[in-house]
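Structure first, commentary second.
The values are calculated or read from the model by the stated rules, or taken from the named source; none is laboratory data. Predicted model only: the values in this text are computed from it and were never measured. Note that we place each Cβ from the backbone using ideal geometry, even for glycine, and neighbour counts take in every protein chain shown. Accessible surface areas use protein heavy atoms only, side chains included; no ligands, DNA or RNA. Shrake-Rupley method; radii C 1.70, N 1.55, O 1.52, S 1.80 Å.
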Amino acid sequence: MTAPLHEPTAEAAPSAAEEAAVAGAESKSVQGRSLGRIAWERLKRDKLALTGAVVVLLLVAVALLAPVITSLLGQDPNEYHEDLIDPLFGTPVGSLGGISGDHLLGVEPVNGRDILARILYGARISLLVGFLSAVVAVIFGTVFGVLAGFFGGWVDSLISRVMDGLLAFPQLLFIIALVSVMPNDMLGLHGTGVRVFVMILVIGFFGWPYIGRVVRGQTLSMREREYVEAARSLGAGRFYILFKELLPNLVAPIIVYTTMMIPTNILTEAALSFLGVGVKPPTASWGQMLSSAIEYYESDPMYMVVPGVAIFITVLAFNLFGDGVRDALDPKGSR
Amino acid sequence: MLAYLFRRLFAAAVMLVVIIMVVFGIFFLVPKWAGVDIASSFVGKQADPAAVEAVRQKLGLSDPIYSQVWEFFKGIFAGRTYAGGGDVTHCAAPCFGYSFRSEQAIWPVLTDRFPVTLALALGAAVLWLVLGMAAGVLSALKRGSFWDRGAMVVALAGVSLPVYFTGMASLAVFAFGLDWLDARYVPLTDSFTGWFGGLILPWITLAFLYAAMYARITRATMLEILGEDYIRTARAKGLREQTVIGKHAMRSTMTPILTMLGMDLGALIGGAILTETTFNLPGLGQAVLNAIKNQDLPVILGVTLITSLAVLIANLVVDVLYAVIDPRVRLA
């Protein structure tokens, strides 16, 4: 399904011609172009995907610079501002959840913490868990997928059954159960550290079969391709074929599935925090803000809107970018 | 067909055993490695040592793990008597465990809450299948049109919104802002309109998310299938477009949709945790979440098993439907 990224030198010339033919009308030069190049050129013309990419980069920058931005704004995510709270109802004074020059997105009900500062710090948890759990899933998925596809036989049967099993598991329930039985101190980590670590591992663990299945299928079909056969007939060993011939060609599908997995993982993290099994207060996270906002949806709807929109924008940006990457790397795509 | 069915049944049975072992592993072995006393989490953190010791005896927690699994299994069919610490607690079959914290058997809790979750999941599934597949097929047929782009933008927004946020927003707007309905769950046996009114927002919220996913998948699958040779053949031999789409293309489009439906429905029947929490519905998901917050392990164990069972049954039904739709599957 996916054209090779790097062909062995012996085949370079015909494959370049092939790829140029696939690229069709968009290729004016006779020179061959790699799939990476073609993909990048397609991606450059996809405005939605670029918008997604820009937003993602902005979010990463904001998350990294959260302490700097909040101190520039003169806010602290855990500082109480009880003077801004209506003592009778517990809701922020002023319109729209207490939005003011000091508190650009208002303050939380009851304790009056600055919402913008908490959103900025919450972005760190969301992105950290989203990225790293995808990395865990990719590592497991690639290793087991390649093993299953490349060696076949009982290795393949065993790994495939395990993947089927994991996919049929009630995942959210198991993740909740696992996260909840974990102790508060572990491996030298404490509190939030343990929670984040466990979430990354568990979300990544339940995510690997999605990548594993794709990688297995790709490996299976590529194992019999001519260029692998050529390498084999020239006396290349198993591991040479694995690392030099197969893995480079798996990069494209792996990239696609990773970009598509990050938004799902961000949603899972938010869901866990929403259910109260994610990071513990006072550490800020978006899901947790939404879960406390549920009691105020009548009296202070802004408190619910801000973290909700933050999750929406983040996940949407990743999805737009992911869709763009998929279309760009798909050799069958017409764009 | 019969051989196929047997193979599937066997696979499901193996899966169930594996799940039970994994559940036990999570709840009995992980705390052990982490150095947490399991017996105390069956009773409560502040329980006195005598009570903890009694539960340890009653559950046979010092026994090897396989005999604990066996006792649990036996309880499902034969009932179970917990003896130890000077008193005896009986749990009638089917015994899915006994909560020493709330002093009640788990099975009645499950049967109480199951209808709520089932109604939520099935109602939403009907909505999202109709909406998602209709939108997906229309988008694929009118590719690149205004309708296609509009539908896909909505679908993309749908998969990017957490279900609890759309749920809260719909509560704020329809139940509180406009005051159209009373968003409280009422059992079907009390009043049909009350039941319907209490479930309509959860249905729509849940269906919106899944309809978005299904529309995207349906569109992609349909587009791929419309490029197949057999569709060209069908058109070439002069079949009406309705027949080509409705009979030839739809049949292949249904298979991935069915797979997804099996997994999604199974997972939801086992507890639509997020939706139930948002709308305060007394279903299985809410029960398990409360149990997790109270560290009430027997309840978590019971619900997890029921959930896994639901997923397995849903997958089994899908496998059978699969074979009906696609004869090639039976031979594989």
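For the range B:156-184, residues that are open to solvent by less than 40 Å² (accessible area, probe 1.4 Å), of a type in the set (A, V, I, L, M) and more than 10 Å from chain A (Cβ to nearest Cβ) total 1.
Out of all the residues in the range B:225-232, is one or more of a type in the set (F, W, Y), assigned to a helix (DSSP H, G or I) and open to solvent by less than 60 Å² (accessible area, probe 1.4 Å)? No, the range B:225-232 has no match at all.
Yes/no matrix, rows are residues, columns are (1) surrounded by 16 or more Cβ atoms within 10 Å (Cβ to Cβ); (2) at pLDDT below 50:
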| position | (1), (2) |
| --- | --- |
| A:A3 | yes, yes |
| A:E7 | yes, yes |
| A:A16 | yes, yes |
| A:V30 | no, no |
| A:G52 | yes, no |
| A:P67 | no, no |
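Taking the range B:137-185 as the range and being free of Cβ contacts under 8 Å to residues at least 12 places away in the same chain and either of a type in the set (G, A, S) or not assigned by TED's automatic domain parsing to the domain that holds B:A211 (or both) as the test, the residues that pass are B:G144, B:S145, B:G150, B:S160, B:A169, B:A172, B:G177. Look at the range B:187-214: where a residue is farther than 22 Å from B:F165 by Cβ and a partner is open to solvent by 30 Å² or more (accessible area, probe 1.4 Å) and of a type in the set (F, W, Y), sitting 6+ places away or on another chain with Cβ atoms under 7 Å, you get B:P187/B:W195; B:L188/B:W195. Taken as a whole, the condition of being in contact (Cβ under 8 Å) with a residue 24 or more places away in the chain, of a type in the set (D, E, K, R) and at negative phi does not apply to B:R80. For the range A:102-219, the helices (runs of 4 or more DSSP H) that sit wholly inside it and include 3 or more residues that are within 14 Å of another protein chain (Cβ to nearest Cβ) and modelled with pLDDT of 80 or more are A:115-151, A:153-168. The C-beta contact set for the range B:269-296 (first residue at negative phi and more than 10 Å from chain A (Cβ to nearest Cβ), second residue assigned to a loop (DSSP other than H, G, I, E, B) and at pLDDT 85 or above, distance under 7 angstrom, 6+ apart or interchain) comprises B:E276/B:G283. Close contacts from the range B:1-27, counting a first residue that is touching a residue at least 24 places away in the same chain (Cβ under 8 Å) and a second that is open to solvent by 50 Å² or more (accessible area, probe 1.4 Å) and not in a helix (DSSP H, G or I), with Cβ to Cβ under 9 Å and a gap of 6+ residues or different chains, come to B:Y4/B:A332. The single condition from (1) open to solvent by less than 40 Å² (accessible area, probe 1.4 Å); (2) modelled with pLDDT under 85 that B:M222 fails is (2). Any residue at all in the range B:306-322 that is open to solvent by less than 10 Å² (accessible area, probe 1.4 Å), more than 10 Å from chain A (Cβ to nearest Cβ) and in contact (Cβ under 8 Å) with a residue 24 or more places away in the chain? There is no residue in the range B:306-322 that is open to solvent by less than 10 Å² (accessible area, probe 1.4 Å), more than 10 Å from chain A (Cβ to nearest Cβ) and in contact (Cβ under 8 Å) with a residue 24 or more places away in the chain. Examine the range B:237-260 for a residue that is within 14 Å of chain A (Cβ to nearest Cβ) and more than 27 Å from B:L120 (Cβ to Cβ), and state whether such a residue exists. No - not one qualifying residue is present in the range B:237-260. Going through the range A:132-163 one residue at a time, which ones are in contact (Cβ under 8 Å) with a residue 12 or more places away in the chain and charged (D, E, K, R)? Within the range A:132-163, A:D156 is the sole residue that qualifies. On inspection, A:I139 does not qualify as among the hydrophobic types (A, V, I, L, M, F, W, C) and in contact with a Gly (Cβ under 7 Å, 6 or more places away or on another chain). Being buried (at least 24 other Cβ atoms within 10 Å of the Cβ), of a type in the set (V, I, T) and more than 10 Å from every other protein chain (Cβ to nearest Cβ) is the requirement here; does B:V299 meet it? Against the criterion (buried (at least 24 other Cβ atoms within 10 Å of the Cβ), of a type in the set (V, I, T) and more than 10 Å from every other protein chain (Cβ to nearest Cβ)), B:V299 qualifies. Inside the range B:57-69, residues that are among the small types (G, A, S) and part of a helix (DSSP H, G or I) make up a count of 1.
Taking the criterion of being small (G, A, S), under 25 Å from the mean Cα position of the chain (by Cα) and closer than 18 Å to B:S170 by Cβ, the residues of the range A:271-307 that qualify are A:A271, A:S291.
Residues are listed down the side, and each one gets a yes or a no for (1) of a type in the set (F, W, Y); (2) under 29 Å from A:G308 (Cβ atoms):
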{"position": "B:L181", "(1), (2)": "no, yes"}
{"position": "B:Y210", "(1), (2)": "yes, yes"}
{"position": "B:A236", "(1), (2)": "no, no"}
{"position": "B:T243", "(1), (2)": "no, no"}
{"position": "B:M260", "(1), (2)": "no, yes"}
{"position": "B:D264", "(1), (2)": "no, yes"}
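Elements of the type helices (runs of 4 or more DSSP H) sitting completely within the range A:232-335 and holding at least 1 residues that are surrounded by fewer than 21 Cβ atoms within 10 Å (Cβ to Cβ) and of a type in the set (D, E, K, R): these cover A:301-329.
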